[in-house]
Amino acid sequence: MILRERAINIMKLPTSVSAANLNGLVELVESFVQRRHPRIVVDCSALESVGKSEIAFLLCCLGEVMKHNGDVRLAMLKPHASVVLQRVGVSRLFETYDSVKSAVESYRVRPASMAPLQNAPAAAVQHPEIAA
């Protein structure tokens, strides 16, 4: 069985989500979901504050991606943004990472559901991205 690696899309958010830039962001997400099982990393490093419009966009993005069996992960959230997402109860919907690189790498780690079965012979292959 040959597993083909799927694309991981990186989307950098602007300093804020407003009516002026919302259409462009939504169009970008729509272009990502054209692929099967979209995987998106949202770079939040430029995001200055998190308000209703930013949360609404993140939820909209997640909802659209999940319709296509995909996932959205957040990278480089500032501490105050994390606190806001926790208070609103949205933080549990997203995996968050300290860097874009670690968020991208998280998609490449083999999920436990794909691990060998207990009765199957274990292969002696060590994956460098999983090794400590």
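The values are calculated or read from the model by the stated rules, or taken from the named source; none is laboratory data. Computed from a prediction, not measured in an experiment: that's the story for all the values here. No Cβ is skipped: glycine too gets one built from the backbone with ideal geometry, and neighbour counts run over all protein chains shown. Quick note on the areas: whole protein, heavy atoms, side chains included, nothing else; ligands and nucleic acids left out. Shrake-Rupley method; radii C 1.70, N 1.55, O 1.52, S 1.80 Å.
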What number goes with the only condition from (1) part of a loop (DSSP other than H, G, I, E, B); (2) at pLDDT 95 or above; (3) among the charged types (D, E, K, R) that Arg6 does not pass? (2)
Residue list for segment 92-106, restricted to those being of a type in the set (A, V, I, L, M) and either over 14 Å from Ile10 (Cα atoms) or in contact with a helix residue (DSSP H, G or I) (Cβ under 8 Å, 6 or more places away or on another chain) (or both): Leu93
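Taking segment 64-90 as the search range and keeping residues that are part of a helix (DSSP H, G or I) and under 12 Å from the mean Cα position of the chain (by Cα), which one is surrounded by the most Cβ atoms within 10 Å (Cβ to Cβ)?
Of everything passing the filter in segment 64-90, Val65 is surrounded by the most Cβ atoms within 10 Å (Cβ to Cβ).
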Filter segment 20-45 down to the residues that are open to solvent by less than 40 Å² (accessible area, probe 1.4 Å) and hydroxyl-bearing (Ser, Thr, Tyr) and list them by number. Ser45
Hits in segment 93-130 (condition: open to solvent by 90 Å² or more (accessible area, probe 1.4 Å) and modelled with pLDDT of 95 or more): Asp98, Lys101
Among the residues of segment 46-63, write down those that are in a loop (DSSP other than H, G, I, E, B), open to solvent by 10 Å² or more (accessible area, probe 1.4 Å) and either more than 19 Å from Ser16 (Cβ to Cβ) or of a type outside the set (Gly, Ala, Ser) (or both). Glu48, Val50
